[in-house]
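What follows is a set of notes on a single structure, which appears directly below.
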Amino acid sequence: MKMKTAAIAAGAAAALPAWSAGAAELNLICSADVVICERLVSEFEASHSDIGVNMVRLSSGEAYAKVRAEARNPQTDLWWGGTGDPHLQAAADGLTAEYESPMLPELRDWAVKQAEISGHRTVGVYSGALGWGYNTQLFEEKGLKEPACWADLLDPSLKGEIQIADPNSSGTAYTTLATLVQIMGEDEAFDYLKKLDANVSQYTKSGSAPVKAAARGEAGLGIVFMHDAVSQSVEGFPIKTIAPCEGTGYEVGSMSLIEGAVNPEEAKVFYDWVLGADVQSVMPEAGSYQIPSNKEAAASEHSPDLSEIKLIDYDFAEYGSSERRKALLARWDSEIGGRASE
C-alpha cells in the first residue's frame with residue numbers, strides 16, 4: 001500500500017519568554033521558516049522590551065484553520081507570513097481586521113495592491129516565485145535529465161523522485177495548484193496532477209519540506225518557492241533552482257491582524273515595525289531570500305531576480321477568494337488526495 005500523506009510535522013516552535021513579569025503580550029502565528037520566525041521575535045523583543053511575544057510556527061493552511069476555528073474566541077493577535085491566498089480567504093471570511101498602516105507609502109506596489117484587494121485586512125510582506133530545486137548529485141548518479149519545464153516533471157524516469165506539499169496545509173502547494181490551473185485550464189491542470197502523482201513519493205505538510213528532503217538525498221526534487229531552494233544551496237547542499245519554462249506563479253507573503261484580538265494595540269506595533277526597511281533588511285541573515293515589501297529594504301544577493309523569471313499574471317483576487325479556494329481544494333481531495341493514500 002502506497003502512503004503519501006503528510007509525514008512532516010509543522011514544527012511548531014514557541015519563543016522563549018524574554019520579557020519581564022507584567023509586560024504586555026502579543027500572540028503571533030508565523031508561517032515562514034522557523035529560523036526566520038525566531039529571528040523576527042528576537043529582534044522585536046530586543047527593541048520592544050515592554051511586549052513579550054508568544055509565537056507558534058504553522059504552515060499557512062494550518063494557520064488559516066486555527067484562526068477560523070478560534071473565530072468566536074480569538075487566541076491569536078497577528079498572523080505573519082505564508083502565502084497570500086489563505087490571508088485573502090481569511091479577509092473574505094471576516095476573520096481579520098481592517099488596518100491601514102502608516103507604513104503603506106513605503107511599500108512596493110504589489111504589497112499595497114494586496115492590501116487594497118483585501119479591503120486592508122492583509123498586506124504584502126515579501127514576494128517569491130514558484131519553481132523547484134533538485135539534487136544535482138543524485139540526478140547525476142541516477143542519470144536523470146534536468147527538468148526545465150512543468151511538462152518535464154511527468155517523465156517516467158522521475159517516478160518516486162518528487163515531493164510536493166498538500167495544498168490543504170501548505171500555501172506553497174496551493175499556489176502550485178492555482179498556478180497550474182491558470183496556465184493550463186482547470187481540467188487540464190487536474191489531468192496533469194494525476195499524471196504527476198505517479199512520480200510523487202510524498203505529499204508533505206510544510207511547503208519547504210520537499211526541497212529539504214531533496215537536499216538530504218531523500219528525494220530527487222522538491223516543488224517549492226524558489227527562495228526555499230536557494231536557501232538549501234546557500235547552506236552548501238547540491239541543490240539547483242529552476243524556474244519553469246512555461247511560466248510560473250508567485251506569492252505575496254502576507255500579514256494580517258486578527259479580528260477580535262485580545263491584544264490589538266500590541267499587534268499594530270509589531271505590524272508597523274515589521275514593515276520597516278531596517279527590519280526587513282535583517283531577514284536575509286536568517287536565511288530569508290524572498291523580495292522584501294519595503295522599497296528601501298535590501299534583498300539578499302542570493303534572492304532570485306523576479307525580472308528574469310517568466311511570471312504569469314497571477315489572479316490573487318480570484319484564487320484567494322474563499323469560494324474558489326474551497327472548490328479547488330475539494331477537487332484536489334477528491335481526485336488527487338484520495339489517490340495519495342492508496
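Summed over the range 271-298, the residues that are without any contact (Cβ under 8 Å) to a residue 24 or more places away in the chain, open to solvent by less than 50 Å² (accessible area, probe 1.4 Å) and small (Gly, Ala, Ser) give a count of 2. Scan the range 310-330 for residues that are farther than 13 Å from Ser118 by Cα, in a helix (DSSP H, G or I) and out of contact with any Phe, Trp or Tyr (no Cβ under 9 Å at 6 or more places or on another chain) and the total you get is 5. Could we say that Gly207 is within 23 Å of Ala65 (Cβ to Cβ) and either outside any helix (DSSP H, G or I) or among the charged types (D, E, K, R) (or both) here? So Gly207 passes the test.
For the range 83-105, a tally of residues being open to solvent by 30 Å² or more (accessible area, probe 1.4 Å) and either within 17 Å of Gly61 (Cα to Cα) or acidic (Asp, Glu) (or both) returns 5. When Ala213 is tested against (1) open to solvent by less than 20 Å² (accessible area, probe 1.4 Å); (2) under 12 Å from the mean Cα position of the chain (by Cα), just one condition goes unmet, and that condition is (2). Each residue in the range 130-154 was checked for being within 27 Å of the chain's Cα centre (by Cα) and part of a loop (DSSP other than H, G, I, E, B), and 4 of them qualify. Only one of the numbered conditions (1) in a helix (DSSP H, G or I); (2) in contact with a Pro (Cβ under 7 Å, 6 or more places away or on another chain) is violated by Ala115, and that is (2).
Can you name the residue in the range 14-67 that is of a type in the set (Ser, Thr, Tyr) and in a loop (DSSP other than H, G, I, E, B) and, of all such residues, is modelled with the lowest pLDDT? It would help to see each step written out before you state the result.
First, the residues of the range 14-67 that are of a type in the set (Ser, Thr, Tyr): 20, 31, 42, 47, 49, 59-60, 64.
Next, only the ones that are in a loop (DSSP other than H, G, I, E, B) stay: 20, 31, 49, 59.
Details: Ser20: 51, Ser31: 95, Ser49: 91, Ser59: 91.
Looking at residues that are of a type in the set (Ser, Thr, Tyr) and in a loop (DSSP other than H, G, I, E, B), I get Ser20.
When the range 166-188 is examined, which residues are found to be over 22 Å from Thr241 (Cβ atoms), crowded, with 22+ Cβ neighbours inside 10 Å, modelled with pLDDT of 95 or more and of a type outside the set (D, E, K, R)? So that I can check it myself, show each step before the final result.
Of the range 166-188, the ones over 22 Å from Thr241 (Cβ atoms) are 166, 168-169, 181, 184-188.
So of that shortlist, the ones also crowded, with 22+ Cβ neighbours inside 10 Å come out as 166, 169, 181.
Pick out the ones that are also modelled with pLDDT of 95 or more and you get 166, 181.
Matches in the range 166-188: Val181 only.
Every condition in (1) at pLDDT 95 or above; (2) on the phi > 0 side of the Ramachandran plot holds for Gly82 except the one numbered (1).
Against the test of being basic (Lys, Arg) and more than 25 Å from Val200 (Cα to Cα), the options Lys326, Lys268, Lys240 yield a single qualifying residue, Lys268.
Exactly one residue out of Ala297, Ala229 is part of a loop (DSSP other than H, G, I, E, B), more than 25 Å from Asp77 (Cα to Cα), hydrophobic (A, V, I, L, M, F, W, C) and at pLDDT 95 or above: that is Ala297.
Please indicate, with yes or no, whether at least one residue in the range 203-215 is within 15 Å of Gly133 (Cβ to Cβ) and charged (D, E, K, R). Break it down stepwise before answering.
Of all residues in the range 203-215, those within 15 Å of Gly133 (Cβ to Cβ) come to 204, 206-215.
Now drop any that are not charged (D, E, K, R), which leaves 212.
Within the range 203-215 (the criterion being within 15 Å of Gly133 (Cβ to Cβ) and charged (D, E, K, R)), the answer is yes, since at least one residue qualifies.
Scan Ala46, Ala24 and give me the residue that is touching a helix residue (DSSP H, G or I) at 6+ places or on another chain (Cβ under 7 Å) and loosely packed, with under 15 Cβ neighbours inside 10 Å.
On inspection, the qualifying residue turns out to be Ala24.
Can you tell me which residue within the range 217-259, out of those that are closer than 16 Å to Tyr126 by Cα and of a type in the set (Ser, Thr, Tyr), is most open to solvent (accessible area, probe 1.4 Å)? Among those residues, the one meeting the criterion is Tyr250.
Could you tell me whether any residue of the range 304-320 is surrounded by fewer than 16 Cβ atoms within 10 Å (Cβ to Cβ), under 17 Å from Ile36 (Cβ atoms) and of a type outside the set (A, V, I, L, M, F, W, C)? Within the range 304-320 (the criterion being surrounded by fewer than 16 Cβ atoms within 10 Å (Cβ to Cβ), under 17 Å from Ile36 (Cβ atoms) and of a type outside the set (A, V, I, L, M, F, W, C)), the answer is no, since none of the residues qualifies.
Of a type in the set (Lys, Arg), more than 24 Å from Pro284 (Cα to Cα) and either open to solvent by less than 40 Å² (accessible area, probe 1.4 Å) or under 22 Å from the mean Cα position of the chain (by Cα) (or both): which single residue out of Arg108, Arg72, Arg68, Arg57 fits that description?
Going through Arg108, Arg72, Arg68, Arg57 in turn, just one is of a type in the set (Lys, Arg), more than 24 Å from Pro284 (Cα to Cα) and either open to solvent by less than 40 Å² (accessible area, probe 1.4 Å) or under 22 Å from the mean Cα position of the chain (by Cα) (or both): Arg68.
Within the range 235-242, does at least one residue satisfy the condition of being closer than 24 Å to Ala65 by Cβ and in a loop (DSSP other than H, G, I, E, B)? No, the range 235-242 contains no residue that is closer than 24 Å to Ala65 by Cβ and in a loop (DSSP other than H, G, I, E, B).
The values are calculated or read from the model by the stated rules, or taken from the named source; none is laboratory data. From a predicted model like this one, the values you see are computed outputs, not experimental measurements. All Cβ positions, glycine included, derive from the backbone under ideal geometry; neighbour counts span all protein chains shown. Note: areas computed on protein heavy atoms with side chains; ligands, DNA, RNA excluded. Shrake-Rupley method; radii C 1.70, N 1.55, O 1.52, S 1.80 Å.
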